[in-house]
Amino acid sequence: MTDTSVIEAPRSQWRDIWDQFRTHKGAMLGLIVVGMLLTFVIIGPLFWRAEPILVDPDAAKMILGRNKPPTWDHPFGTDQVARDIMARLMLGGKVSLAVGFVAMAVAIFVGTLIGVLAGYFRRLDGPLMRLTDLFLSLPLLPLLLVLVFLYGQAMRNAFGINLGTFFIIVIGIGLTSWMQVARIVRGQVLALKEQEFVLAARSIGTGSTNIILRHVLPNVVSPVMIAATLGIANAIITESVLSFLGQGFQPDFPTWGSMLNYAYNNQTYPIQMIWPGVAISLTVLSVNYIGDGLRDALDPRIRGR
Amino acid sequence: MLTYILRRLLVAIPTLILISIVIFLLVDLAPGSPASEIPLTVPPEVRARILESLGVNEPIHVRYLLWAKQFFWTEPLHGIDAAFGTDWAGDSQRLISYQSRVPVFAYIWQRLPQTLTVIGSAYLLAVLIALPIGIYSAYRQYSWFDQVGTFVSMIGFSVPTFFTGLLMIMLFTTKLGLFPSIFDTNLRVTDWSSFLKMLHQMTLPVVVLALFNAAEISRYTRSSVLENLGLDYVRTARAKGLSERKVILKHVLRNSLIPVVTVIALGMPTIFAGAIVTEQVFKINGIGAALIGAIVANDLPVVVTIAFITAVLIVFFNLIADILYGILDPRIRYD
């Protein structure tokens, strides 16, 4: 009975990553804040049932209730047509975050697709990378504005006012922010496809599709995850810029950006500007911190030291 | 070096052509015909000439060539005519803004100085703030200065410029009444007092734009200096007894600024996009405001021209960045 050394239970890679992530204070705080914001915008409306969009038809009541400072009835005050700002923040946040996530998903999908194709198939590499370079030298914000302006009406006619705007914004942001992802993925794939396990897979007769799906893609997950977090932050800012410039959603339909725009034109009550502005900044800051933490956690050179 | 520059210039031309095709297709494929976009206030004979110069009934590649001719041939000729009093362009139709009915390039030319002064000084200020902060926080890595600097720069590029702008207006204009929130475009700098007035009204927008860009540049500087501090030549420099000051400012700084310079050059076009928002917030009558105004008023020629000019700027600064890199870094050979 000399062998008393304890054999540690095998640990998965994701467990290691989580342990490393937990040591990054900023990232943990960011995760908590994002969790709270998500709860606020998703669970919040179930309990807080004030009307966010429609104006009170009773004109006298509406006029008396305008631009009120925070009270117990309206914890964030009311706006210039007496709607409850907290309800609007919840709905607006839901829209802003949804735009962020979906636009990021579009960008990641396009970027990964192009990156994998360019990295894996040598013949496609040249043209696809030229395409990426071309997109990188396009004036993105002006083009996005032009895109929303020219195609927005057609999309609104096809899918209804708010859904159409949502689609055009999400597609626009997605199509103008996939380039970094494509570059990162291509670089990874170029290195991966020379490795032995890919050779082994090919020598037992695995087709290209299966090699990509089962052997290459799982190995590019970590850089893509980092790019995805930063992509969410970028998409949320871009949507709020579009709405702030009056080119996003209709003004009565709240997003954090359009609420800010609305309040900017009503500067007598600066408090109305603070709430959506703080919400955007807080979200983006937390998401950036999460990205920072992920970068540390997913880097095997830092992890485990 | 010269052959390299020439080669890069030649590569820039197809890029520009491709970009112009993208922009043209984006506008051309949009629902609604160009004829319906021309407002009724435009006189019928001008309308007919605009339609003719657009080649409405021609196939798509002819339309593109006509469009490109307008941009790269007719408009420059008019520009030369205006500058030297020649008459090369004759009476060919110019690109007309639907909104103000003046030639688009004349309209943009009027708006350009405001944008350039604000953007230029903001970027200069950003670089001046960012470099010392980046260098010092790398030199004292993990000190309180570094921690604060990292946190502030994280906030700097997380908080969108329109919110910082609004906060500044609230604080300095509404509460303290120190700075104006609206930019007076008619102000001409003729003497000392009008110069001071210009400086006064430029403060808020410049600071807002500068803070945002300084955040990014200082992070690049920090990581670049950090990378160099660990290299052997720094140890050699210290071992031969150079003062810390010399080691950092002469040896490390020179090497670590190479990538930073490229980042600064590549950032020029993005600050142009940032200016769209800042101009809107501070009501500066520049290019960005012209773009938004044109979009709101359905003024397609102005919108397209501004988008294309920004694209040209991006290609130009990419070129500058590449050439600078080649000049600054002797390790890179191009032949």
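Summed over the stretch A:10-33, residues that are open to solvent by 100 Å² or more (accessible area, probe 1.4 Å) and either among the β-branched types (V, I, T) or within 14 Å of chain B (Cβ to nearest Cβ) (or both) total 2.
The residues listed here are A:V241, A:V224; of these, the one that is in a helix (DSSP H, G or I) and either surrounded by fewer than 22 Cβ atoms within 10 Å (Cβ to Cβ) or touching a Ser or Thr at 6+ places or on another chain (Cβ under 6 Å) (or both) is A:V224. Residues that are touching a Pro at 6+ places or on another chain (Cβ under 9 Å) and within 14 Å of chain A (Cβ to nearest Cβ) within the stretch B:180-212 comprise just one, B:F212. Residues that are hydrophobic (A, V, I, L, M, F, W, C), at the interface with another protein chain (Cβ under 9 Å from one of its Cβ atoms) and open to solvent by less than 20 Å² (accessible area, probe 1.4 Å) within the stretch B:284-313 comprise B:L291, B:I292, B:I295, B:V303, B:V304, B:I306, B:A307, B:F308, B:A311, listed in sequence order. Conditions: (1) in contact with an Asp or Glu (Cβ under 9 Å, 6 or more places away or on another chain); (2) in a helix (DSSP H, G or I). B:F308 meets all but one. Number of the miss? Every listed condition holds for B:F308 apart from (1). Taking the stretch A:156-187 only, how many residues are over 22 Å from B:G274 (Cα atoms) and either open to solvent by 40 Å² or more (accessible area, probe 1.4 Å) or at pLDDT 80 or above (or both)? Residues meeting the conditions: 18. Selection within the stretch A:144-174: residues that are in contact with a Gly (Cβ under 8 Å, 6 or more places away or on another chain) and of a type in the set (V, I, T). The member of this set that is nearest to the other protein chains (Cβ to nearest Cβ) is A:V148. Among the residues making up the stretch A:262-286, those that are of a type in the set (A, V, I, L, M, F, W, C), closer than 11 Å to B:S158 by Cα and open to solvent by less than 10 Å² (accessible area, probe 1.4 Å) are A:I280, A:V284.
Counted as qualifying within the stretch B:20-78 are the helices (runs of 4 or more DSSP H) with 3 or more residues that are at pLDDT 75 or above and among the hydrophobic types (A, V, I, L, M, F, W, C), namely B:60-69. For the stretch B:161-179, the criterion of being within 13 Å of chain A (Cβ to nearest Cβ), touching a helix residue (DSSP H, G or I) at 6+ places or on another chain (Cβ under 8 Å) and not in a helix (DSSP H, G or I) is satisfied by no residue at all. Scanning the stretch A:244-268 for residues that are assigned to a helix (DSSP H, G or I), within 11 Å of another protein chain (Cβ to nearest Cβ) and under 14 Å from A:F166 (Cβ atoms) returns a single hit, A:G257. One residue stands out in the stretch B:204-234 among those that are touching a residue at least 60 places away in the same chain (Cβ under 8 Å) and of a type in the set (V, I, T): the one that is surrounded by the fewest Cβ atoms within 10 Å (Cβ to Cβ), namely B:V207. When restricted to residues that are at pLDDT below 80, of a type in the set (D, E) and within 25 Å of the chain's Cα centre (by Cα), the stretch A:1-46 contains 0.
Taking the listed residues A:I184, A:I211, the one that is away from chain B (no Cβ under 14 Å), of a type in the set (V, I, T) and under 27 Å from A:P142 (Cβ atoms) is A:I184, with no other qualifying.
Just to be sure before I move on: is B:T115 within 14 Å of chain A (Cβ to nearest Cβ), open to solvent by less than 30 Å² (accessible area, probe 1.4 Å) and either at positive phi or touching a Leu at 6+ places or on another chain (Cβ under 7 Å) (or both) in the structure I sent?
Here the answer is no, as B:T115 does not meet what is asked.
For the condition away from chain B (no Cβ under 14 Å), assigned to a helix (DSSP H, G or I) and open to solvent by 40 Å² or more (accessible area, probe 1.4 Å), A:N219 qualifies.
Pairs linking a residue in the stretch A:11-23 that is without any contact (Cβ under 8 Å) to a residue 24 or more places away in the chain to a residue that is open to solvent by less than 60 Å² (accessible area, probe 1.4 Å), with Cβ atoms under 7 Å and 6 or more positions apart or on different chains, are A:R22/A:M28.
Of all residue pairs spaced 6 or more apart or on separate chains, those with beta-carbon atoms under 8 Å, a first member in the stretch B:1-12 that is closer than 15 Å to B:D329 by Cβ and a second member that is outside any helix (DSSP H, G or I) and open to solvent by 100 Å² or more (accessible area, probe 1.4 Å) are B:Y4/B:D335.
The values are calculated or read from the model by the stated rules, or taken from the named source; none is laboratory data. From a predicted model like this one, the values you see are computed outputs, not experimental measurements. All Cβ positions, even for glycine, are placed from backbone atoms using ideal geometry, and neighbour counts span all protein chains on display. Surface accessibility is based on the protein's heavy atoms, side chains included, excluding ligands, DNA and RNA. Shrake-Rupley method; radii C 1.70, N 1.55, O 1.52, S 1.80 Å.
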